[in-house]
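Here's a structure for you.
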Amino acid sequence: MVRFERPTSVLAWALDLDSALAGLHRLVWEAVASDSPPGTLSPFHEPGRWIPHVTLGRTRRAGAFVGRGVPELLPAPPLSVRLITLRSYDTETGALEVLEPRP
């Protein structure tokens, strides 16, 4: 379990960053960075800083998930999941983008 604070309070399930996921993330970062104006990408998404996770909940109330007992509600790992939607969320603007697979 991991919590991110500011500007929103986020409760997430941390994922292992193995070499395959790290390599994929680097490729995505490089593709996005090559097509973005300087200074427009979040430094939190840079390779080496990015924390792979699944967001379980998000609120604008600071510290909302501290001491709530939420981790006890979750099943114990290992879990099997199926990815059905990949989204990008901008925590500063609130913009949400669904990322579609290539044709």
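Every number in this text was worked out from the coordinates using simple rules, so none of it is lab data. Quick caveat: nothing in here was measured; it's all calculated off a predicted structure. Reconstructed Cβ throughout: ideal geometry from the backbone, glycine too, with neighbour counts over all protein chains shown.
So what's the angle, to the nearest 10 degrees on a 0 to 90 scale, between helix 19-34 and the longest Cα principal axis of the chain?
Relative to the chain, helix 19-34 is tipped by roughly 50 degrees.
Here is a further query. Here are some values of mean projected area of the Cα convex hull in nm²: [x] 10.4; [y] 10.0; [z] 8.1. Which one was computed from this structure?
Recomputing mean projected area of the Cα convex hull in nm² here picks out [z].
How big is the dipole moment of the chain about its Cα centre under a simple scheme where the beta carbon of each Lys and Arg is +1, that of each Asp and Glu is -1, and everything else is neutral? Debye, nearest 20, please.
Values: 11 positive and 11 negative charges, 79 e Å.
Dipole magnitude for the chain comes out near 380 debye.
Further question on the same structure: Report the one residue of LEU11, LEU24, PRO78 whose Cα lies farthest in the direction of the positive end of the charge dipole of the chain (charges on C-beta: Lys and Arg +1, Asp and Glu -1; origin at the Cα centre).
Towards the positive end, the residue furthest out is LEU11.
So, one more: Please state the relative contact order of the chain as a whole percent: Cα pairs under 8 Å, 6+ residues apart?
Relative contact order, the chain: 31 percent.
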